[in-house]
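Following: one structure in C-alpha cells, then a few remarks.
Nothing in this text is a laboratory measurement; each read-out follows from the coordinates by a stated rule. The structure presented is a predicted model; accordingly, all values stated were derived computationally and were not measured.
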Amino acid sequence: MDVQSVELKVEMVGLHEKRLRKCLSKLKGIEKVEVDGQGEKVVVTGYAHRNKILKAIRRGGLKADFWSAHNELLNAYAVSTASNYGNLRFNNFNIF
C-alpha cells in the first residue's frame with residue numbers, strides 16, 4: 001500500500017486536538033497529522049486505510065467525516081461573512 005493523504009472534517013472544540021492525536025497514535029502506519037483547528041480540517045498522511053482512520057477518530061468520541069469540496073466552500077463563506085460583519089454599523093451603533 002502506498003503513502004496516502006486523507007483529508008477529514010473534524011469538529012474541534014477545546015482540547016479535542018489532543019484527543020484526536022491520541023486516537024490516531026493507536027493506528028499503525030500513520031506518519032504525519034496536520035490539524036487546522038480553525039478550519040476544522042485534519043490531514044493524515046501514512047499507510048493506514050482511510051476508513052480505519054475515520055473509524056478511529058469516531059471511536060474517540062469526535063464527530064468526523066471525509067473532507068469534500070462542499071466543506072471548502074462552507075469554510076470560505078464562514079470566513080468571508082465573519083470578516084464582513086465585523087464592522088457592521090446600523091444608524092451609527094455597533095451591532096457586533
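The table that follows gives values for the structure above.
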| read-out | value |
| --- | --- |
| Gain on full stretching of the segment that runs from Glu17 to Val43 - 0.36 nm per residue minus C-alpha separation | 8.1 nm |
| Whichever lysines have a C-alpha closer than 20 Å to that of Lys63, once near sequence neighbours (fewer than 8 apart) are set aside | Lys9, Lys18, Lys22, Lys26, Lys41, Lys52, Lys55 |
| Stokes-Einstein translational diffusion, region 1-66 - Kirkwood Rh over all Cα pairs, 1.567 mPa s, 4 °C, in µm²/s | 112 |
